Each structure stands twice: as structure tokens, then as C-alpha cells.
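Undergrad: First the structure, which I've put down as C-alpha cells, then a few questions once you've had a look.
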Amino acid sequence: MNTKAKRLATRQALSVAAAANKVTVIEDVVSKAGKTSELAKLLAKIGAERNVVIVVENKTPELTRAAQNLQNVKVVSATYVNVFDVLNADCMVFTQAALKATTEWLGKEAK
């Protein structure tokens, strides 16, 4: 599948997820100490449960470490969002910076 088709499929999957109220946008996900409990509290506070995909602009080792011990939580960089992750997620959490980066990335048309 070429890049243009992949981006179109991802845009459509994100549109379906947004229409189903599966997308949440937050200011930022900060896990300075890499503690799982901090991330679990944040996800509980915003109502993200079951299969959660956290989309950030750039993955940090601390955030990756915090999410490792949480079952059904996946951290993805903004330019690596794919159709499989979107369709299998019960909740997608975007940071504002990641939403902007994803929009710019998906908005480009491959020639």
C-alpha cells in the first residue's frame, strides 16, 4: 500500500473514532519520574479505560516506562499512528502538540 493510501485510511479511521467520541485531547502527558501510578491516575481522571492509545509528539523514556506496566495502554508517536491502533482503541488520548503534528502529517498528500 502506498503512503497516500495509508494516510487516507488513517484519516478515515480517526474520523470514525472522533465521531464515536473515542478521541480525547489533553494539554500534555507528563511523567517526570516514570511512575505508573501517575499515568494510571491521569487516565482514570479523563475516563480512559480498556484499550487506550496515548498519542504524543515525541515519546520519552519516562512515559514509555510508566505505560509499560499498564495493561492495554500503548504509547505512540504522532507520525506513527496507524489504522490498526485507531480501530482497536476504545479510547485515544492525544496531546495538543501530537494532534497538531498528526494533522500536519496526515494533511500532506504524497505525490
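Undergrad: Which GluC sites (Glu not before Pro) in the stretch 4-111 sit in a loop by DSSP (not H, G, I, E or B) and have at most 16 other Cβ atoms within 10 Å of their own Cβ? Could the numbers behind the result be given before it?
TA: Numbers: sites: E27, E38, E49, E57, E62, E104, E109; in loops: E27, E49, E57, E109.
In loop regions of the stretch 4-111 (DSSP not H, G, I, E or B), the sparsely surrounded GluC sites (Glu not before Pro) are E27, E49, E109.
Undergrad: Given H placed 1.01 Å from N in the peptide plane, which residues other than close sequence neighbours of V23 have an amide H under 5 Å from its amide H?
TA: Result for V23 returns M92.
Undergrad: Right, something else. Just how large is the dipole of the chain about the Cα centre, in debye to the nearest 20, putting +1 at every Lys and Arg Cβ and -1 at every Asp and Glu Cβ? Present the calculation step by step, with values, prior to reporting the outcome.
TA: Working: 16 positive and 10 negative charges, 52 e Å.
Here the size comes out at about 240 debye.
Undergrad: Also, quick follow-up: Quick check: residue separation of K59 and K4 times 0.36 nm, minus the Cα distance between them. What number comes out in nm?
TA: Numbers: separation 55, 0.36 × 55 = 19.80 nm, distance 2.47 nm.
Extra length available between K59 and K4 comes to 17.3 nm.
Undergrad: Tell me the mean residue ellipticity at 222 nm calculated for the chain from its helices only (DSSP H runs of n ≥ 4, each -39500 (n - 2.57), averaged over every residue, nearest 500).
TA: Numbers: 5 runs with 54 residues, N = 111.
Taking each H run of at least 4 residues, the total per residue is -14500 deg cm²/dmol.
Undergrad: Take T36, project a point 7 Å from its Cα along the Cβ direction, then tell me which residues of the stretch 74-104 have their backbone nitrogen under 14 Å from it.
TA: Label zone hits: 74.
Undergrad: Further question on the same structure: Mind checking which of T64, A40, L87 is farthest towards the positive end of the chain's charge dipole, using Cβ charges of +1 (Lys, Arg) and -1 (Asp, Glu) about the Cα centre?
TA: Positive-end residue among those listed: L87.
Each reported figure results from applying straightforward, stated rules to the coordinates on display, with no laboratory input. Keep in mind that this is a model prediction, so the values were computed, not measured. Ideal geometry is used to build each Cβ from the backbone, glycine not excepted, and the neighbour counts take in all protein chains shown.
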